[in-house]
Structure formats: C-alpha cells, structure tokens
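Encoded as structure tokens, the structure appears first; notes follow it.
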Amino acid sequence: MVLEPLQTAELETLVTGVNLLWVLVVTFLIFFMHAGFAMLEAGQVRSKNVANQLTKNLLTWSVGVTVFFLIGAGFSSLVGGGGFVPAFQTSDPNSWVSWLFGAVFAMTAATIVSGAVAGRAKLRAYVTYTFLLAAVIYPFVTGITWSGAYISYGGEAFHDFAGGMIVHGMGGIAGLTAAYVLGPRMGRYNDDGSANVIPGHSLTFAVLGTLILAFGWYGFNVGTAATVFALNDAGELTLGAFATVGRVAMTTTIAMACGAIGAAAVAWARTGKVDTLYVANGLLAGLVGITAIPDTTTWWGAFLVGGLAGAQLPIVFSFVEKRLKIDDVCAVFPVHGSAGVLGTLMFPFVAVPSAVDSVANAFIAQLIGVAAIAAWTIVATAAVWAVLKAIGQARVTPEHEQEGLDVSEHGVETYPEFGSGDSVVADGGMMTEDVRTDGGSNDD
C-alpha cells in the first residue's frame, strides 16, 4: 500500500494539533509542581503551621491564575510593547493554551514566596502580595524579557530559556525581601544575635515534595521546547524547538543530580555529616541553576552549573541566616534566588560555541538582565510588604504566632490527634472545639 503525501493544509493541521497537545501536557506537568511545593513547604514548617502553608499554596494558584488572566497577561503585553491585550480578549480559543502555559510559570514564581514568609505572615497579606505579583510585579519582568526582549548588549541578547532568573531568581529574591521586611519568627534569634534552629515537622514530606518538583521540572524545562513540528518555507515537515530537546533533557537531568551531590559534599565538608534537607534543596538548586540555559549548555557545563548551584546552597543559606539575620524558612533564596542568578550569569561560559558570538558581551547582557530583574523585584516587593507592615496587616500577633497559624488563621488543627481535646465538626463547618491555645504541638 502506497501512502499519499499529505497536503500542506493537512500538514498544518497536524503541526497545530501535535504542538497544542504537547504544550497542554507539559502545562499540566508544571501545574503538578504545586503539589511538590505544598509538600516541600509543609514539611519544613512546624506542625502547628501546616494547614496555613497548604492554604497559601491553594490560594496562590486560585487567586493568582485568575488575576493573571484578567490583568497580568495584558500588562506583560503592554510592557512588551504590544499594548494592553488581556487574555480574555481573543477570537481564537486555542490562544488560551499559550496563556495557560504562561500562567503556570507565573504561579511558580508566586508560590516560591510563601516558603520564605512561613510561620508569621497574615494570610490576607500573602494573598494581597500574590494579587499584585500576578497582576504587575511578575508581568513586568516577562514584559521586559520574553515579551519585549529589551535587554541586550553588543548584539548579544539576554538569554533565559525557561525562567531560571525570570521565574525562579525573581521568586527567590522576592521571598528574601518579604522575609526581611517581616522580620524573623519568634525564637529564631537570641539576644546576642546567634541563630536557633527551628526544625520542620516532616522530613518525609520535604523529600516527597522535592521529588514531585523534580518530576514536574521536566515540564518546566523540556516543555519550554514548545514546538514539536514546524513547516519550512517549502512546506515540508520539520522539527521545531524539538531540534534541541535532547540537550535540554540531558542538561536538566545532569544539573539536577550534580546539585544534590554538590550540596551534600559541602555540607559534609563543613559539618562532617550529610544533611538530608541540604541534599534535597541542593537537587532543586541544581535544577534552578540550569533552567535559564538548558538549550545551549554543553554536557560538561551541566555538571559545572549543577554542582556549583548545589554547592553554594549551604554557604548562602548560612550567610543569610547568620550574617543578614533573615529568617528564610524554606531556604527559597539559596534554592531559587542565588542559584538562578548563578546559572543565568554562567550562560556564555558553558554554552556551545554556536550560541554566543562574544563571551564578554553576552555576560554583560546577562548581568544587565539579572540586575534589572533583581532591582525591580526588591523595590516592588519591599514597597508592598512595607505598606502592609505600616498598617499592621503584614504579620500575625505574637499570641497567634505562638499558638500556630492553623488555629489562629483557619480554626483547624492539621494533626488533631496530637491536640489537647477532641476535634468536632459543627454544622458541616471546619471549626474545632477545645483546640490548643498554648502554642503546643507535636513538634514542641
């Protein structure tokens, strides 16, 4: 049987269908990363704050994605020079596939912040910041980069393939800024400035969350190679961005592995022990480090970027904790912030020769991009949290912080079996009776 060649119209339909399917599948994979963030953060907070952290993750998506649909996507377009074109203003329903792909990236940036301010931020304050991040703060960053492509130097454009700086670096810097404005949790520091360790309540949850995030990251990085097929000028079927998808998959995997190894090695060298949480967060730092550059990095570059991103994590975390005295609960800055900056700046030094014409110019372009994103994020985030703090809406009261945000903010206990009384459901609600008010929990 001889197959007839496909006509151009049929090829266009095939290309469109396959590409749409691919983008939707990886979008769903990225969305599943929220389960990873929820478990990772829940594991790193005290048991009396778990429900609060889970609620923040749920509302990050729910509030953020609707705001990004109504305002954020349009603002990004406006900053990028295309005018204010909101997502709902379209005549092509399939254009919403691209919007959703952008939305899951935006919500990743937003949810990173919740881990830094855990244990003391008011829910209303966090939701307010999420609203503004989804509407203005994050869309401005994508507007000057992916949408507008304004940043370049000497003919070399700022390069961030999947959001190493645009998403993760921005989220990590925002989290550090918010944590600084809020101040540390009660008991985190002594009068002499020395730090106390406040361990999370479940290492199991933290590691489970790490592995879920790593799984979803293939959607984040590999999924950014968003076109499987394309048609050339002759009407012939060719590979689109999938022409380099193997490199993206390989560098993502190697950097992930080397991130865990790098963090484990530094932790062992500093303390003589391999801290499990450092290994988990180092794995994520390796992923963040490669996210800006997986499409251009050499195989040895993936080892170098991942290893350095993991190795810097214990060092940067210690610096933030002991020198800056900032209580970054879930280590979001060393995992997402500094690792994202490092990987983005290493672009010209580990790229294949065809990707860069001038190493010096490419590095300056990367440096300008990092500086612009960091400056905007710090100023915008500090302004929002400073206003919230000034009006007394940023932080819970000392009494509520002591008893736990699950009770004070939500009226629930995540682990009622460990409380002092029996929890009951009244009229189908989620209120509890005889909940503990002395701050006690199974991790005290």
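Please give me the summed charge of the neighbours of Ala311: other residues whose Cβ is under 15 Å from its Cβ, Lys and Arg +1, Asp and Glu -1. Overall, the nearby charge balance is 0. Taking the Cβ of Asp327 as the center, what net charge do the other residues with Cβ under 9 Å away carry, scoring Lys and Arg +1 and Asp and Glu -1? Local charge sum for Asp327: +2. With 24 Å as the limit, the listed pairs Lys56/Lys273; Lys325/Lys389; Lys273/Lys322 have Lys56/Lys273 beyond it between alpha carbons. Contact order, relative form, for the stretch 25-122: 35 percent (alpha carbon pairs under 8 Å, 6 or more residues apart, mean separation divided by residue count). From helices alone, the chain scores -18000 deg cm²/dmol at 222 nm; the rule is -39500 (n - 2.57) for each run of n ≥ 4 DSSP H residues, then divide by the residue total. Within the chain, the proportion of Cα pairs with more than 42 Å between them is 16 percent.
The Cα atoms of the stretch 180-258 cover 73, 30, 19 Å along the three principal axes, with the biggest extent listed first.
Tilt of helix 276-291 relative to the longest C-alpha principal axis of the chain, in degrees (0 to 90, nearest 10)? For helix 276-291, the angle is close to 30 degrees. Counting only protein heavy atoms and a probe of 1.4 Å, the accessible surface of the stretch 159-231 is 66% carbon and sulfur. Taking only protein heavy atoms and a 1.4 Å probe, the accessible area of the stretch 1-89 is 74% carbon and sulfur.
Expressed as a whole percent, the accessible area of the stretch 295-426 that falls on carbon and sulfur atoms is 69 (1.4 Å probe). Taking amide H positions as modeled 1.01 Å from N, with prolines and chain starts lacking one, no residue 5 or more places away or on another chain lies under 5 Å from Arg188. Taking 20 °C and 1.002 mPa s as conditions, the stretch 20-174 diffuses translationally at an estimated 133 µm²/s according to Stokes-Einstein applied to its Kirkwood radius (Cα pairs). At q = 0.11, 0.15, 0.25 Å⁻¹ the log10 of I(q)/I(0) for the stretch 106-195 amounts to -0.40, -0.65, -1.23, computed by Debye summation with a single uniform scatterer per C-alpha, solvent ignored. Farthest towards the positive end of the charge dipole of the chain, among the residues Ala264, Leu213, Ala225, is the Cα of Ala264, using unit charges on the Cβ of Lys, Arg, Asp and Glu. Under 17 Å from a label point set 7 Å out along the Cα-to-Cβ vector of Ser95, the amide N atoms of the stretch 130-172 belong to 147-148.
The residues of the chain present an accessible area of 42 Å² per residue when probed at 1.4 Å with all protein chains retained. By DSSP, the beta bridges lying fully in the chain are antiparallel in about 100 percent of cases. If you average the sequence gap of Cα pairs under 8 Å that are 6 or more apart and divide by the length of the chain, what percent do you get for the contact order? So the answer I get is 22 percent.
The values are calculated or read from the model by the stated rules, or taken from the named source; none is laboratory data. Nothing here was measured: the structure is a model prediction, and the numbers come from that model. For neighbour counting, all protein chains shown are included, and Cβ atoms are generated from backbone atoms with ideal geometry for every residue, glycine included. These accessible areas exclude ligands, DNA and RNA; they are computed on the full protein's heavy atoms, side chains included. Shrake-Rupley method; radii C 1.70, N 1.55, O 1.52, S 1.80 Å.
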